[in-house]
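Remarks on the structure that follows.
The values are calculated or read from the model by the stated rules, or taken from the named source; none is laboratory data. This is a predicted model, so every value here is computed, not measured. Methodologically, a virtual Cβ is constructed for each residue, glycine included, from the backbone with ideal geometry; neighbour enumeration extends over all protein chains shown. Keep in mind that these areas ignore ligands, DNA and RNA; they rest on the heavy atoms of the full protein, side chains included. Shrake-Rupley method; radii C 1.70, N 1.55, O 1.52, S 1.80 Å.
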Amino acid sequence: MKPTIVSSALLLALSLAGGGLRTAAAQGGTPPPEDRHAADAAMHEMSHQNMADDPHLKMSAARPGSAADSARAAELVVTIRSALARYRDVKVALQEGFEQFLPNVPLPVYHFTNYRYGLVAAFTFEPTKPTSLLYRKNSDGSFTLTGVMYTVPQRIPEEALDQRIPLGIARWHQHINWCLPKAGEERRWTETRGGTPLFGPRSPISTREACDAVNGRFLPHLFGWMVHVNAFESDDPAVIWGDHH
C-alpha cells in the first residue's frame, strides 16, 4: 500500500517541535491566524495525497531494515502499548493536557496534542510522551485510540531520526516549499489560476521565485519532521509503521 498522509494537528503541533512558522511558535506558542489557515488547508486538502508524488513533502531516505531495526521497533511498540494504554479513555488524555485539534471538522483521524510534550521533543525523545495521540471517532461519538505521533525539528539530521525510530522501519516526513498568502491577505487563500489553487498544499508552486511572482509568502520548511506509530490499530507492522489511515 502506498503511504498517504492526513496532516491535521501535525501542522500545528510540529511548530512546537522546532520547525514552526514563527520563532514564538517553536518556543511553545501557536502560529498566528494567517498561518493557522495553513493547518486548515492541509487538513482539508492533503488527506489522500501520495507522499512520493508531492512536491510539498520531504521524506526521510528509504533504508533497508535489519533484524536490529525490527527488534528496536518492536520494543518501542511494546513500550507505547504498555505506557499509553490509559489513553484509550480519551477523558484521561484531556485530563493530562492533550487538546483535540479542530474538533468540529470531520476527519479520519483526530490528533489530541500536548504542546508541552511537543516542545520537549525538540530536545529529547520520550516514547511515553508523544506530541499527539491519534484517535478514530466512532459513529456514537466515542473515540478509539489508534496510535501516536512523534515530532522533531527540521534541522535534526536523519541519523538522529534513526536513533529515535529506525529508518529501516519507518519513514519520517516534512512539509516543505509552501507558498502562502502574505499576512493580512487571508482572503487570497481561495485564489486559483487555471482552476488550480495558488496557495497551500495543492498549489504547484514550490519555489521562492514562483511564489514571489504571485506576491505570496514562501516557506521552505513549514514544520519539522513527523512520524505516526499506529501501535493500537493493528499487530501488522505494515499498519503500525505505515503513515496512512
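On the stretch given as the range 147-176, residues that are of a type in the set (S, T, N, Q), touching a strand residue (DSSP E or B) at 6+ places or on another chain (Cβ under 9 Å) and either open to solvent by 10 Å² or more (accessible area, probe 1.4 Å) or at positive phi (or both) total 1.
Can you tell me which residue within the range 90-125, out of those that are modelled with pLDDT of 90 or more and of a type in the set (S, T, N, Q), is surrounded by the most Cβ atoms within 10 Å (Cβ to Cβ)? Per the stated criteria, the residue is T113. Residues of the range 54-108 that are of a type in the set (K, R) and either under 17 Å from the mean Cα position of the chain (by Cα) or closer than 19 Å to W172 by Cβ (or both): K58, R63, R72. Checking each residue of the range 124-132 against the condition of being within 30 Å of K91 (Cα to Cα), without any contact (Cβ under 8 Å) to a residue 40 or more places away in the chain and either in a strand (DSSP E or B) or in contact with a Lys or Arg (Cβ under 7 Å, 6 or more places away or on another chain) (or both) gives at least one match. When we screen R202, R217, R208 for residues that are open to solvent by 40 Å² or more (accessible area, probe 1.4 Å), touching a residue at least 12 places away in the same chain (Cβ under 8 Å), in contact with a Leu (Cβ under 9 Å, 6 or more places away or on another chain) and more than 30 Å from A73 (Cα to Cα), the only hit is R217.
Taking the criterion of being surrounded by fewer than 14 Cβ atoms within 10 Å (Cβ to Cβ), assigned to a loop (DSSP other than H, G, I, E, B) and polar (S, T, N, Q), the only residue of the range 52-89 that qualifies is S66. Out of all the residues in the range 133-185, which are of a type in the set (S, T, N, Q), part of a loop (DSSP other than H, G, I, E, B) and within 17 Å of the chain's Cα centre (by Cα)? Result: Q154, single match.
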